[in-house]
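The values are calculated or read from the model by the stated rules, or taken from the named source; none is laboratory data. Computed from a predicted model, the values in this text were never measured in an experiment. Using ideal geometry, Cβ is built from the backbone for each residue, glycine included, and neighbour counts are taken over all protein chains shown.
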Amino acid sequence: MVTACPVGGDFDAQVDFNLVLWPTSSGVRVGLVIQDPAGGAVERVGFVPNDFPTFPRETYLTDFGDGVQGAVLTISFTGTLRMVRTGGVLAGYDISGSNWVLIHSGPATTADDVHLGFGAWGHNNVFGNQNVTVAFDNFVLNSGRLDCPTLTLTPNNGELGTQVQVQGLWIPNLPLRTYSSFDLIR
């Protein structure tokens, strides 16, 4: 899943996860990620034996501009992942009770607007060929600028057959543009 609208500036986002079916060392990663080429992720991972052999097999970690860092052993099958961008720094957290625990902070590869997402994935060369089931809930953008299109209708009400003009602000910092007009149908 990926945000349809870009997130700009500094931001703070989080998502809950539940590893419903999670065999040990599955080779699957679950994460809150920047889906643009710049990348960045806060992850819960089940490593296979030959992938990052010095890291715990079940771990939290980050993958920011300084690479894979901050491997923290976990035995938890539920949790919340959090990513915060402040200036040129990304920070990744997991939650313990009601307290946020810093996994790692490192350089952000971009200050541009990004698309945030969450999901589960594996890499062919280190996939454990085991089925997993993961549930996500409560994706929240705690702070940040969400740049979604806005539409206005003129007039904004009327009888069946009333012609309306639709204007949309599609790109930040551009004036309203008229894209279409059509009949309002109920």
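Residue by residue through segment 30-52, note down the ones that are surrounded by fewer than 17 Cβ atoms within 10 Å (Cβ to Cβ) and either closer than 17 Å to Ile95 by Cβ or modelled with pLDDT of 90 or more (or both). First the steps, then the outcome.
First, pick out the residues of segment 30-52 that are surrounded by fewer than 17 Cβ atoms within 10 Å (Cβ to Cβ): 37-39, 49-50, 52.
Once the filter is applied, which keeps residues that are surrounded by fewer than 17 Cβ atoms within 10 Å (Cβ to Cβ) and either closer than 17 Å to Ile95 by Cβ or modelled with pLDDT of 90 or more (or both), segment 30-52 yields only Phe52.
Restricting attention to segment 140-150, does a residue exist that is free of Cβ contacts under 8 Å to residues at least 40 places away in the same chain and at negative phi?
First pass over segment 140-150, keeping only residues free of Cβ contacts under 8 Å to residues at least 40 places away in the same chain: 150.
Add one more test, that the residue is at negative phi, and what stays is 150.
Scanning segment 140-150, I find at least one residue that is free of Cβ contacts under 8 Å to residues at least 40 places away in the same chain and at negative phi, so the answer is yes.
Just for segment 12-28: of the residues that are over 11 Å from the mean Cα position of the chain (by Cα) and of a type in the set (A, V, I, L, M, F, W, C), which one is nearest to Gly97 (Cα to Cα)?
Top of the filtered list is Phe17.
Looking at the structure I just gave you, is Gly65 in the same structural domain as Pro23 (by TED's automatic domain parsing), touching a Pro at 6+ places or on another chain (Cβ under 6 Å) and not aliphatic (A, V, I, L, M)? Give the derivation first.
Details: in the same structural domain as Pro23 (by TED's automatic domain parsing): yes; touching a Pro at 6+ places or on another chain (Cβ under 6 Å): yes; not aliphatic (A, V, I, L, M): yes.
Spelling it out, Gly65 is indeed in the same structural domain as Pro23 (by TED's automatic domain parsing), touching a Pro at 6+ places or on another chain (Cβ under 6 Å) and not aliphatic (A, V, I, L, M).
Identify all residues within segment 90-136 that are of a type in the set (D, E, K, R), touching an Asp or Glu at 6+ places or on another chain (Cβ under 8 Å) and within 16 Å of Gly46 (Cα to Cα); write none if there are none.
none
Among the residues of segment 93-105, is any more than 17 Å from Thr133 (Cα to Cα) and assigned to a loop (DSSP other than H, G, I, E, B)?
Of all residues in segment 93-105, those more than 17 Å from Thr133 (Cα to Cα) come to 93-105.
So of that shortlist, the ones also assigned to a loop (DSSP other than H, G, I, E, B) come out as 97-98.
Yes, that holds for at least one residue.
Could you tell me which residue of segment 97-106 is surrounded by the fewest Cβ atoms within 10 Å (Cβ to Cβ), considering only residues that are at pLDDT 95 or above and over 16 Å from Phe55 (Cα atoms)? Working first, answer last.
As a first pass, look at segment 97-106 and keep what is at pLDDT 95 or above: 99-106.
Next cut, over 16 Å from Phe55 (Cα atoms) only: 99-102, 105-106.
On the way: Asn99: 7, Trp100: 15, Val101: 13, Leu102: 14, Ser105: 18, Gly106: 19.
Out of the qualifying residues, it is Asn99.
For segment 106-117, how many residues are assigned to a strand (DSSP E or B) and either outside the structural domain of Arg44 (by TED's automatic domain parsing) or farther than 14 Å from Arg29 by Cβ (or both)? Walk me through it before giving the result.
Of segment 106-117, the ones assigned to a strand (DSSP E or B) are 106-107, 114, 116-117.
Imposing the further condition that a residue be either outside the structural domain of Arg44 (by TED's automatic domain parsing) or farther than 14 Å from Arg29 by Cβ (or both) reduces the set to 106-107, 114, 116.
Residues in segment 106-117 being assigned to a strand (DSSP E or B) and either outside the structural domain of Arg44 (by TED's automatic domain parsing) or farther than 14 Å from Arg29 by Cβ (or both): 4 in total.
Does Ala13 satisfy being among the aliphatic types (A, V, I, L, M) and assigned to a loop (DSSP other than H, G, I, E, B)? It would help to see each step written out before you state the result.
On the way: among the aliphatic types (A, V, I, L, M): yes; assigned to a loop (DSSP other than H, G, I, E, B): no.
It is false that Ala13 is among the aliphatic types (A, V, I, L, M) and assigned to a loop (DSSP other than H, G, I, E, B).
Pick from Asp94, Asp113, Asp16, Asp63: which is modelled with pLDDT under 95 and not aliphatic (A, V, I, L, M)? Talk me through it step by step, then tell me what you get.
Working: Asp94 fails: modelled with pLDDT under 95; Asp16 fails: modelled with pLDDT under 95; Asp63 fails: modelled with pLDDT under 95.
Sole residue among the options that is modelled with pLDDT under 95 and not aliphatic (A, V, I, L, M): Asp113.
Counting only residues that are closer than 15 Å to Val33 by Cα, surrounded by 14 or more Cβ atoms within 10 Å (Cβ to Cβ) and either modelled with pLDDT of 90 or more or not assigned by TED's automatic domain parsing to the domain that holds Ala13 (or both), how many does segment 118-161 have?
6
Can you name the residue in segment 61-83 that is under 16 Å from Trp100 (Cβ atoms) and polar (S, T, N, Q) and is also surrounded by the most Cβ atoms within 10 Å (Cβ to Cβ) among such residues?
Thr62
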